[in-house]
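Written below as structure tokens is the structure these notes are about.
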Amino acid sequence: MSDLDSEVLPLPPRYRFRDLLLGDQALQSEDRVQVEFYVNENTFKERLKLFFIKNQRSSLRIRLFNFSLKLLTCLLYIVRVLLDDPALGIGWAPILWVERKMALWVTQVIVAVISFLETMLLIYLSYKGNIWEQIFRVSFVLEMINTLPFIVTIFWAPLRNLFIPVFLNCWLAKHALENMINDFHRAILRTQSAMFNQVLILFCTLLCLVFTGTCGIQHLERAGENLSLLTSFYFCIVTFSTVGYGDVTPKIWPSQLLVVIMICVALVVLPLQCEELVYLWMERQKSGGNYSRHRAQTEKHVVLCVSSLKIDLLMDFLNEFYAHPRLQDYYVVILCPTDMDIQVRRVLQIPLWAQRVIYLQGSALKDQDLMRAKMDNGEACFILSSRNEVDRTAADHQTILRAWAVKDFAPNCPLYVQILKPENKFHVKFADHVVCEEECKYAMLALNCICPATSTLITLLVHTSRGQEGQESPEQWQRMYGRCSGNEVYHVRMGDSKFFREYQGKSFTYAAFHAHKKYGVCLIGLKREENKSILLNPGPRHSLAASDTCFYINITKEENSAFTFKQEEAGRGLGAPGRGQASSRLPVHSIIASVGTVAMDFQNTECQPAQGDGSSKLALPSENGSGSRRPSIAPVMELADSSALLPCDLLSDQSEDEMMPSEDEGLSVVEYVKGYPPNSPYIGSSPTLCHLLPEKAPFCCLRLDKGCKHNSYEDAKAYGFKNKLIIVSAETAGNGLYNFIVPLRAYYRSRRELNPIVLLLDNSLDSLLQCGIIYADNLVVVDKESTMSAEEDYMADAKTIVNVQTMFRLFPSLSITTELTHPSNMRFMQFRAKDSYSLALSKLEKRERENGSNLAFMFRLPFAAGRVFSISMLDTLLYQSFVKDYMISITRLLLGLDTTPGSGYLCAMKITEADLWIGTYGRLFQKLCSSSAEIPIGVYRTQSHLFPTESQVSVSMEDCEDTQEVKGPWGARVGSGGSTHGRHTVGSDQAEHPLLRRKSLQWARRLSRRSSRHGGRAAAESISQQRVSLSRRSERQELSELVKNRMKHLGLPTTGYDEMNDQQNTLSYVLINPPPDTRLEPNDIVYLIRCDPLAHVPSSAQSRHNSCSHRLASCSPETRDETQL
């Protein structure tokens, strides 16, 4: 500061004192110059120009006054014709002279003088240096013809009866009308449709031609037949319409000449006007015109904003939107910046959609286009992203700008936004409903690995269907699968519900079981009136209240259901059953003996000592057992007992994992801790309690194929993973993978069930082998962003389909889940040529599509088994949110994207041979509700099925001994290769079909040996037979040798690769909320909604947790509440 003070010297004290006293007066003493702007507008001419031309409102008044004057002159001419009585005879006198009354003459003179002065004033104001340009204008010439003769008659009385063609003022009136419309648009600052203007001009032109011809012919025929105005008008209409009856014709040559002139003018003027009109019509067809404001005020409409509109996207939206009865009267306005596609144009011309769908070409970023779509009056606005773009981030940026523009223009319009990448979701947080594609996609793929066919389950739930698909099919599984696909999620207030009203004050599990038993509906969750969060399966401690909103799965909503009570049910009375009556209501076949937790009595919570081999499966009771009571499934309690061990049991699995040593002593046990992920990959991700490593792993240790200083492992075999691998094949490691890992590492998953996750960024065979694909249970193939766009539609999936088909042939036992861009391409997954069954399913799909089904693709075997899905199938989730605003929340809870305290989660359990004593799905429902408080919502069923293919070869009876020799070890080999989730083998019959080629190969070798022995062929023929046998080598053997050779080349052991069954003789499908009497079958996987283990833990949770763990450590596994029965 000292240096700065030394550089700038302060002012002397006298100057500072003067400034203090005088202030700003010293500045006022200086000279100032006042500058005036726009002085050129202060002149008289400029002020007149401002009033008559420049100012829109005053100019509009002048145009309107001028238009009125011209119409008045035409009206005065008609009055003069009606009052005229010309003398008969041929001559020029009737043409040149007319009879004009004095009052009529005075009126016409006044109008002519005013018109003349106005015209001269406008000529003076619009003069720009060329006077001749103004004089030779058509409007000026017509004005002079119609006004100057009247002014001359003021000074020369004999000319007062001179004929003046005042009817030509109709053309001046047309010109004034055009100018008036332009000024009107400028005054209100809003443009009218160009089509309306052109139609008005064409109409005025035609009217002027008819009026001119009518008046001209009538006047000229004064010297002929003296036609009236009506007769002349009739003649002009007949002539211009090219009808030409001939009953009225002009008789003298002047009128005939006028007719010729008028026809020539019409042939020139009208085609030009029509051409302009057709051009505007074509442009309007491209741009779509405007949505009527009157219709917007009287009818309801929604707006769909997209970057590019494809036929699949349009039909999915229209079919799902109009599937709801209350939306039938809505209009759909499509706002798209591109031209209408040919297929889209063809569809919108169908009368079903032409009356309800309006296409507007425009941008959502322009207020003019939003005004055309009447966005401020819309019921909702759907903004969809273009998922076919290579740069998905850029597509999200466009979606964000559209959402901002709509929110700025119409802040009260509800927004339904689709975002592709999760890191861009927080930009549209203000929207009413947001669906992030990558979040749902990765979470669904993750659940597919632990709950098979979760993608099919969710897809069927979010699609609107009546359950009529496949009902005409001869196959039982298609009829049952199609019927159960009609189940959807509905809501109802409990106090107003016939389904749940009688269970008021009862526990949630009690209401869920009895509602399913009595009505066939599946209660999955509720929402408190004071809490806006939806809770899935809140548990038995939750008592239902009349103000609760219940969410249930059913074929149709309660309002559309009719109730018919059976006689046996009517005899029981209307009272709610007690605890002791629940077992008596069961059918006879349900009273089956059981022990352990199956016959758990909630009043007795003491642990029994361990017996037997400690198996956790349910066993049938022995006759000499200690229990003398009649065993059965425990009844579901109306109210939860405070002494129940439910919270302890649900947490016992986790506590047991913490204390239980590893069964494989040679392998190191990975330590986990429960906690929240320390880093969130993007803003807006829901925190989930997960299994975490105690310390962060170094980045170098994440490479599976390369060793580092911490370990020297270079392949999956060296790691010695205890559980099967889950391999994710993706193009890049994006932020969306966070939603794939979190559901697989959630805190409610048992540590013994945690599968290692391998991220594969290269799809080559060497990379697949190094990452341990032969030790994997599931392979997830994510759609690549670089292949989502192709020059030809539906070719975006070509590379993915061929790569997956290759992996399917190389590793047939692997469960592969594939994501496709276009749902129609799923028919190429696991493609087999000349497969008659696939052809039959293709015909069934076409028949269902013709019947108007929204789920025509559901019978494709890869989709039914959950092996393939397209994220575009979840577009209906956003569409359904318009009617069911809770669907996004419920879907996110099911997928594990949101974790609401007290809400349950989706899991699965497998039915084994030892569990078939339960019998039916309804009894399983009771067992789960009474023991572990779990709500089943569906079944994933795998059953044997014979698919006739071209590879079936008949074997002669004399070769039966060879068949028996091969069948034994192969069948045993296949039987030992099943897994929990990915492979669901049915029996030894599955191993017979893949052996047909091997049988045919051995049969051919035996024939070759016999022929050589009996015929004594030469050595050349023997070599030829060997060549034939090598050429007949099975394709399975060739692929197996290829894989093993590559493994040997990479230094990998080949012991893990075996030739397992490719599941050609099994099919799988999903049954959502099947009827209670549905029989359970082996290998059924039941979808469950398990209540939150932490929902009812008291404040001293740590002490109770430890005590429960100590108690369960000494108990038999049969007394624990396990997921698997």
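The values are calculated or read from the model by the stated rules, or taken from the named source; none is laboratory data. The structure displayed is predicted, hence computed values, not measured ones. No Cβ is skipped: glycine too gets one built from the backbone with ideal geometry, and neighbour counts run over all protein chains shown. Just the protein is used for accessible areas: all its heavy atoms, side chains included, with ligands, DNA and RNA removed. Shrake-Rupley method; radii C 1.70, N 1.55, O 1.52, S 1.80 Å.
Residue-by-condition table, conditions (1) modelled with pLDDT of 85 or more; (2) open to solvent by 30 Å² or more (accessible area, probe 1.4 Å); (3) closer than 26 Å to P271 by Cβ:
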{"site": "S139", "(1), (2), (3)": "yes, yes, yes"}
{"site": "I145", "(1), (2), (3)": "yes, yes, no"}
{"site": "N182", "(1), (2), (3)": "no, yes, yes"}
{"site": "Q192", "(1), (2), (3)": "no, yes, yes"}
{"site": "M195", "(1), (2), (3)": "no, no, yes"}
{"site": "Q198", "(1), (2), (3)": "no, no, yes"}
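Of everything in the stretch 842-868 that is charged (D, E, K, R) and part of a helix (DSSP H, G or I), the residue that is farthest from A323 (Cα to Cα) is K843. On inspection, R47 does not qualify as charged (D, E, K, R), open to solvent by 60 Å² or more (accessible area, probe 1.4 Å) and within 58 Å of the chain's Cα centre (by Cα). Look at T688 and say whether it is on the phi < 0 side of the Ramachandran plot, open to solvent by less than 40 Å² (accessible area, probe 1.4 Å) and part of a loop (DSSP other than H, G, I, E, B). Considered against the rule, which asks whether it is on the phi < 0 side of the Ramachandran plot, open to solvent by less than 40 Å² (accessible area, probe 1.4 Å) and part of a loop (DSSP other than H, G, I, E, B), T688 comes out as yes. From the list L839, L877, the lone residue that is on the phi < 0 side of the Ramachandran plot and under 18 Å from the mean Cα position of the chain (by Cα) is L877. Please verify whether the stretch 215-224 includes one or more residues that are modelled with pLDDT under 85 and not in a helix (DSSP H, G or I). Yes; the residues of the stretch 215-224 include at least one that is modelled with pLDDT under 85 and not in a helix (DSSP H, G or I).
Selection of the stretch 802-822 for residues being at pLDDT 85 or above and within 23 Å of the chain's Cα centre (by Cα) yields T817, T818, E819, L820. The set of residues in the stretch 477-496 being charged (D, E, K, R), closer than 20 Å to H324 by Cα and not in a strand (DSSP E or B) consists of R483 alone. Here Y127 clears all of (1) open to solvent by 50 Å² or more (accessible area, probe 1.4 Å); (2) in contact with a helix residue (DSSP H, G or I) (Cβ under 6 Å, 6 or more places away or on another chain) except the condition numbered (2). Quick one: count up the residues across the stretch 842-891 that are polar (S, T, N, Q), at pLDDT below 90 and open to solvent by 10 Å² or more (accessible area, probe 1.4 Å). Selection size over the stretch 842-891: 5.
What about F430, is it modelled with pLDDT of 90 or more, farther than 18 Å from T821 by Cα and in a loop (DSSP other than H, G, I, E, B)? It would help to see each step written out before you state the result.
Values: modelled with pLDDT of 90 or more: yes; farther than 18 Å from T821 by Cα: yes; in a loop (DSSP other than H, G, I, E, B): yes.
So F430 fits the description; yes.
Name the residue that is farthest from C550 (Cα to Cα), counting only residues in the stretch 466-499 that are among the hydroxyl-bearing types (S, T, Y) and over 29 Å from the mean Cα position of the chain (by Cα). Of everything passing the filter in the stretch 466-499, S473 is farthest from C550 (Cα to Cα). Being modelled with pLDDT under 75 and closer than 14 Å to L125 by Cα holds for only one residue in E46, E41, E30, E36, and it is E41. Sub-9 Å Cβ pairs linking a first residue in the stretch 215-243 that is closer than 14 Å to P94 by Cβ and among the polar types (S, T, N, Q) to a second residue that is open to solvent by 50 Å² or more (accessible area, probe 1.4 Å) and part of a helix (DSSP H, G or I), at least 6 apart or interchain, are Q218/F233, ordered by first then second residue. The set of residues in the stretch 912-925 being modelled with pLDDT of 90 or more and crowded, with 21+ Cβ neighbours inside 10 Å consists of Y921, G922, R923, L924, F925. Filtering the stretch 313-360 to residues that are among the charged types (D, E, K, R), under 23 Å from L878 (Cα atoms) and either open to solvent by 30 Å² or more (accessible area, probe 1.4 Å) or over 16 Å from the mean Cα position of the chain (by Cα) (or both) leaves D316, R326, D329, R356. Only one entry of G1056, G1051 meets the criterion of being modelled with pLDDT under 80 and either open to solvent by 40 Å² or more (accessible area, probe 1.4 Å) or charged (D, E, K, R) (or both), and that entry is G1051. Quick check on the stretch 483-494. Is at least one of its residues open to solvent by 10 Å² or more (accessible area, probe 1.4 Å) and at pLDDT below 90? Scanning the stretch 483-494, I find no residue that is open to solvent by 10 Å² or more (accessible area, probe 1.4 Å) and at pLDDT below 90, so the answer is no. If you go through the stretch 226-257 and pick out every residue that is farther than 21 Å from L82 by Cβ and open to solvent by 30 Å² or more (accessible area, probe 1.4 Å), you end up with 14. Taking I774 and the conditions (1) surrounded by 19 or more Cβ atoms within 10 Å (Cβ to Cβ); (2) within 23 Å of M444 (Cβ to Cβ); (3) more than 22 Å from the chain's Cα centre (by Cα), which numbered condition does it fall short on, given that it satisfies the others? Every listed condition holds for I774 apart from (2).
For the stretch 737-744, the condition holds for no residue, the condition being that it is open to solvent by 40 Å² or more (accessible area, probe 1.4 Å), without any contact (Cβ under 8 Å) to a residue 12 or more places away in the chain and either part of a helix (DSSP H, G or I) or in contact with a helix residue (DSSP H, G or I) (Cβ under 6 Å, 6 or more places away or on another chain) (or both).
Report whether or not A443 is in a loop (DSSP other than H, G, I, E, B), at pLDDT 90 or above, among the aliphatic types (A, V, I, L, M) and under 18 Å from the mean Cα position of the chain (by Cα). No, not satisfied.
Can you confirm whether C440 is crowded, with 24+ Cβ neighbours inside 10 Å and closer than 27 Å to S815 by Cβ? Can you show your working first?
Numbers: crowded, with 24+ Cβ neighbours inside 10 Å: no; closer than 27 Å to S815 by Cβ: yes.
Taking the combined requirement at face value, the residue does not satisfy it.
When K927, K884 are screened for being basic (K, R), assigned to a loop (DSSP other than H, G, I, E, B) and touching a residue at least 40 places away in the same chain (Cβ under 8 Å), only K884 passes.
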